[in-house]
Amino acid sequence: MKIKLVLCSLLAFTAAVTFQSCGSSAASSDGQKTSNVIELPVPAREPGQTDVLNLVTDPIDTVHVAFVGLGMRGSDAVRRYTHIPGVKIVALCDVYEDRVKASNKMLQDNGFPAAQEYFGDTAAWRKMVAQPDVDLVYITTGWDWHTPIAVQAMKDGKHVAIEVPAAMTVDECWELVNTAEKTRKHCMMLENCVYDNFEMATLNMAQKGLFGEVVHVEGAYLHDLRSMNFAEEGEPGHYADMWRLKQNTKRTGDIYPTHGLGPISQILGIHRGDKMNTLVSMNTDEFGMTEYAKKKFGDTSVYAKTPYKMGDHTTTLIRTENGKTMMVQHDVTSPRPYSRIHQVSGTKGFAQKYPVASIALETDSTAGQGADYQNLSGHSAVSREMFDRLMEDYRHPVIRQVGALAQEVGGHGGMDFVMDYRLIYCLRNGLPLDMDVYDAAEMSCLTGLSELSIENGSAPVAIPDFTRGAWNRLKGQSHAFTPEDAQALGLDIVAAEE
Ligand SMILES: NC(=O)c1ccc[n+]([C@@H]2O[C@H](COP(=O)([O-])OP(=O)(O)OC[C@H]3O[C@@H](n4cnc5c(N)ncnc54)[C@H](O)[C@@H]3O)[C@@H](O)[C@H]2O)c1
């Protein structure tokens, strides 16, 4: 009990200095009322500014794309885009001239016209986003540049696609939301893991009621990045200017939450009938980076002596408006098998992707909806044979639409291409995008909010409703198709209109 009181008095002090208000209150067991939720201010909309839920813009026959940030991720994005119908790559930008030239050469070697080149410094993108014939600016720089470039590009009349996380602070999240609402431009975060085959199949299963009421979900980014974070200029797999190590030096919390959070947010229908209300976050101390730095560079090296702020392992728990819970983990410094967990637990079933993809269903699950599924039991995973059958029967329409081509083009097993294809497909057909600026803000805000919770003794932090009241208007995650494609896919749901 004492701990709670200490926490609350600490918070009262911090809140008075930093925050607009302390939100909901709770009664402690000795009867005292304590206020312990940290709540950040929600900026008001300007007159005339309205939400961009289900935003529809004029169809663009050929989407003119400009890329900024041509490192490991961006150069592969340019390659993938050469495989998408209805795209013209018109501009390329990076700080480094050779990266721009290399992508431009790839275009020309494959029979595409040369793109306009921008390079030389960290501001070269300003001229590129102002280039009049650009429809979409695709941002694959390090994190600190995501929001500034996206905001200016929207102001210059462009749609934007931003690598993950779209924003690094809650203020940046609001900047993206406000700019998208004022300019009426699409702002999509490039969260590719929602397009993975298993994640999409479990979304389809959840929406068809296979898991009953989904009550708890888990996601993660557990990926040993030590060798890349500590790779210096010229070493294979190095980040430009070691930007990612710098982030791990100056930040704590879950600074890369979106791969785990994206798919489970779609399953719960976040800002489409449910919303994330409160989080608490806790992390370990930092051990792994220093140990690795000592091993690679020596005990007395600058890297070994640097005080890294990022704890090795961060766990964030979220409670939603509809009474569901989400757990999100982050660890990029421990030697462990890659995992995004992707767990879905409901009243009638369960699915988890890592370490071994498995599904368990109660006998009265709606599995198959007429198909003959036998020997179901919530106590154990279905057989491999039945697993394969479920994956086939519940293959998501988006994967049925583009999965085969995605396998050929590649990019994290195809999911990157599915994401790119869907973005261009929706822009070309004037359909609402699969993910909007509110997704970008909700998923990215965990960076700042988990840090805030940790810095205040794992205090509960309110998660802003970036829709400012419209979170319940849409009902569930949807993927828009043209009427012809919907018919070809055997769907009776056509693009939802406002
Ligand atoms: N979705 C995924 O699966 C996935 C995978 C890897 C990386 N990413 C994301 O992609 C982004 C880039 O990561 P990366 O691995 O390619 O890093 P990288 O260091 O290889 O590439 C970043 C590039 O951006 C350039 N750059 C930085 N600031 C710039 C500026 N102001 N103007 C122009 N160019 C600038 C750098 O010179 C560099 O070439 C990050 O946001 C990362 O989180 C996403």
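A quick yes/no check of all residues on (1) surrounded by fewer than 21 Cβ atoms within 10 Å (Cβ to Cβ); (2) without any contact (Cβ under 8 Å) to a residue 12 or more places away in the chain; (3) among the aliphatic types (A, V, I, L, M):
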| residue | (1), (2), (3) |
| --- | --- |
| ALA153 | no, no, yes |
| LYS158 | no, no, no |
| ILE162 | no, no, yes |
| ALA167 | no, no, yes |
| GLU172 | no, no, no |
| GLU175 | yes, no, no |
| ARG184 | yes, no, no |
| LEU190 | no, no, yes |
Failed item in (1) over 20 Å from ARG73 (Cβ atoms); (2) within 20 Å of the chain's Cα centre (by Cα), with GLY411 passing the rest: (1)
For the stretch 99-120, pairs from a residue that is in a loop (DSSP other than H, G, I, E, B) to a residue that is within 15 Å of the ligand (Cβ to nearest atom), with Cβ under 6 Å and 6 or more apart or across chains, are ALA114/ASN104; ALA115/ALA91; ALA115/LEU92; ALA115/ASN104; PHE119/ASP94; PHE119/GLU97; PHE119/VAL100
Given the criterion touching a Gly at 6+ places or on another chain (Cβ under 7 Å), more than 14 Å from the ligand (Cβ to nearest atom) and more than 18 Å from ILE139 (Cα to Cα), identify the matching residue among VAL194, VAL170, VAL217. VAL170
Tell me, which residue of the stretch 295-312 that is part of a loop (DSSP other than H, G, I, E, B) and either outside the structural domain of GLU232 (by TED's automatic domain parsing) or of a type in the set (D, E, K, R) (or both) is nearest to ASP285 (Cα to Cα)? ASP312
Show the residue pairs that are 6+ apart or on different chains and have beta-carbon atoms under 8 Å apart, the first residue being within the stretch 66-90 and assigned by TED's automatic domain parsing to the domain that holds GLN131 and modelled with pLDDT under 95, the second being of a type in the set (Lys, Arg) and crowded, with 18+ Cβ neighbours inside 10 Å. none
Considering each residue of the stretch 354-384, count those that are buried (at least 20 other Cβ atoms within 10 Å of the Cβ) and closer than 19 Å to TYR195 by Cα, and give that number. 1
Here is a check on your reading of the model: is MET435 part of a helix (DSSP H, G or I), of a type outside the set (Asp, Glu) and at pLDDT 95 or above? no
Are there any pairs, at least 6 apart or on different chains, whose C-beta atoms fall under 7 Å, with the first in the stretch 382-402 and more than 14 Å from MET205 (Cα to Cα) and the second among the acidic types (Asp, Glu), and if so, which? GLN401/ASP485
Over the stretch 239-268, the set of residues near the ligand (Cβ under 9 Å from one of its atoms) and either in contact with a Phe, Trp or Tyr (Cβ under 9 Å, 6 or more places away or on another chain) or not assigned by TED's automatic domain parsing to the domain that holds HIS330 (or both) is ALA240, MET242, TRP243, ARG244, TYR256, THR258, HIS259
Name the pairs: first residue in the stretch 39-51 and without any contact (Cβ under 8 Å) to a residue 60 or more places away in the chain, second residue assigned to a loop (DSSP other than H, G, I, E, B), Cβ to Cβ under 6 Å, at least 6 apart or on different chains? PRO41/GLN20
The stretch 69-89: number of residues that are assigned to a helix (DSSP H, G or I), among the β-branched types (Val, Ile, Thr) and closer than 14 Å to VAL418 by Cβ: 0
Go through the stretch 205-250 and give me each residue that's surrounded by fewer than 18 Cβ atoms within 10 Å (Cβ to Cβ) and part of a loop (DSSP other than H, G, I, E, B). LYS208, GLY209, GLU213, ASP224, GLU232, GLU233, GLY234, GLU235, PRO236, GLY237
Within the stretch 121-143, take every residue that is more than 14 Å from PHE67 (Cβ to Cβ) and in contact (Cβ under 8 Å) with a residue 12 or more places away in the chain and give me the one that is farthest from the ligand (Cβ to nearest atom). ASP133
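Conditions (1) more than 16 Å from the ligand (Cβ to nearest atom); (2) surrounded by 19 or more Cβ atoms within 10 Å (Cβ to Cβ), marked per residue:
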residue	(1), (2)
ALA66	no, yes
GLY74	no, yes
GLY86	yes, no
CYS93	no, yes
GLU97	no, no
SER103	no, yes
MET106	no, no
When both residues are 6+ apart or on different chains and their Cβ atoms are under 8 Å apart, which pairs have a first residue that lies in the stretch 470-493 and is touching a residue at least 40 places away in the same chain (Cβ under 8 Å), and a second that is in a loop (DSSP other than H, G, I, E, B) and among the aromatic types (Phe, Trp, Tyr)? LEU489/PHE481; LEU491/PHE481
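The values are calculated or read from the model by the stated rules, or taken from the named source; none is laboratory data. Quantities reported herein were computed from a predicted structural model and do not represent experimental measurements. Positions of Cβ are generated from backbone atoms using ideal geometry, with glycine treated the same way; all protein chains shown enter the neighbour counts.
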